[in-house]
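Where a number appears in this text, it was derived from the coordinates with a stated rule and is not lab data. On a predicted model such as this, the values are computed, not experimentally measured, just so you know. Reconstructed Cβ throughout: ideal geometry from the backbone, glycine too, with neighbour counts over all protein chains shown.
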Amino acid sequence: MARSKPTGSPAPTGKAGRGPSTGTSGRGGSAAGTKAPKLDKKGQPKVGRLKKVGNQARMIKQAYSLTRKNDPKLPWIMLIAFVVVAAVIELLGILFGSPFLFLPVTILLGALAALIIFGRRAQGSAYRQVEGQPGAAAWVLEGMRGDWQVSSGVAGTTQLDAVHRVLGRPGVILVAEGAPSRVRPLLAQEKKKIARVAGDAPIYDIVVGDEEGQVPLRKLSAHVMKLPRNLSGGELNALRRRLSALGGGRMPVPGGPLPGGRQMTVSQRQVRRR
C-alpha cells in the first residue's frame, strides 16, 4: 500500500528557518550586544579614570591659556617658583649626601609650587575680569564649596543692582551688589520678607564693594564661609522648605560676565574653586 505524501512543506532549517531577530535578550529585554552604562551615586554615567584625567588636563590647559593672555608674567613666575623650591630641596639632598635620592621629591615639590602659583594667579585674574560687573557676586557665590543653596537675583532694579540669597549652616545670607544707595533699601525689604518665615534662623546682610563696611568681591567667598555655623542639618532642611514656599522673583542677573560679552568658562571656575 502506497504511503500518502504530507500536504505541508517541511520547515526550513538553519538561518533561513529562523524568524526575524527581535534584538532582545531573554532576561533583560535590552538590545543584543549593548550594555547598560554604569551609574554613579548621582545617577550619572560613570566616567573612566583616564577620561577624567584627560578632561582635567584640557581644563587646566584652557585655564592656563586664558590666564596667560591677561597675565603675561605667569610662565616666568611659575618657572621661578619651580627653580627656587627645587634648588632648596636639592641643596638639602646634597647636605645629606644623597642628591640623586632627593631628585624625585625635588621635581614633585617644584611642580607643586608652580601649580599653586598658577592657581592663585588664575583666581586673581578671574576676579579682576568680573569685578564691577553685574552678576559678579552671584558668580562668586555659585562657586563656593560646601552645602550652600544660592538663589541669585531674588530682588533687583532695572540698573542691574541685585540681591542674592544664600542658605547654609550660618542661616540666611543676603548679598547685595550695585550702588549702595539703591541696594540697601532692597536688602531691608528682602530681610523683612524673609524674617516672616525664617523663625529663629539668623539673617546676615552683606554689601559687595570696596568702601567702608562693605566686603570686597575677592574676599566674598571667604567671608561667607567663615560665618558661624548656627543651624543643624534638620534645622537647615526645615528652613529650606519654608523659604521654598516663600519663593521670590528672579531678576535677569548675568552669571559670571566677562569684558566683551564673554562668559566665564568652566575651566576658570574649576581653577578658582581649587
- line: Restricted to pairs 8 or more residues apart or on different chains, the lysines in region 51-130 with C-alpha atoms under 23 Å apart form a number of pairs equal to 4
task: For a footprinting-style exposure proxy, rank F96, F82 by other Cβ within 10 Å, fewest first.
output: F96, F82
field: Debye intensity ratio in log₁₀ form over the Cα atoms of region 51-130, taken at each q of 0.24, 0.25, 0.26 Å⁻¹
entry: -1.03, -1.07, -1.11
statement: In nm, the gap between the two label points placed 7 Å beyond Cα toward Cβ at V88 and L160 is 4.3 nm
task: Go through region 183-199 residue by residue and turn each phi into a ³J(HN,Hα) via Karplus (6.51, -1.76, 1.60, θ = phi - 60°); whole Hz please, and just put x for glycine and proline.
output: 7, 5, x, 5, 4, 5, 5, 5, 5, 5, 5, 6, 4, 5, 10, 6, x
field: Sites matching GluC sites (Glu not before Pro) across region 184-227 that sit in DSSP coil, with at most 13 neighbouring C-beta atoms within 10 Å
entry: E211, E212
statement: Any aspartates and glutamates whose Cα falls less than 12 Å from that of K219, other than same-chain ones fewer than 8 residues away, would be E131, D210
- prompt: Once the Cβ-Cβ distance between I107 and D147 is put in as r, and R0 is 35 Å, what FRET efficiency do you end up with, to the nearest 0.05?
  reply: 0.40
- line: So the FRET efficiency between A188 and R229, C-beta based with R0 = 22 Å and rounded to 0.05, is 0.30
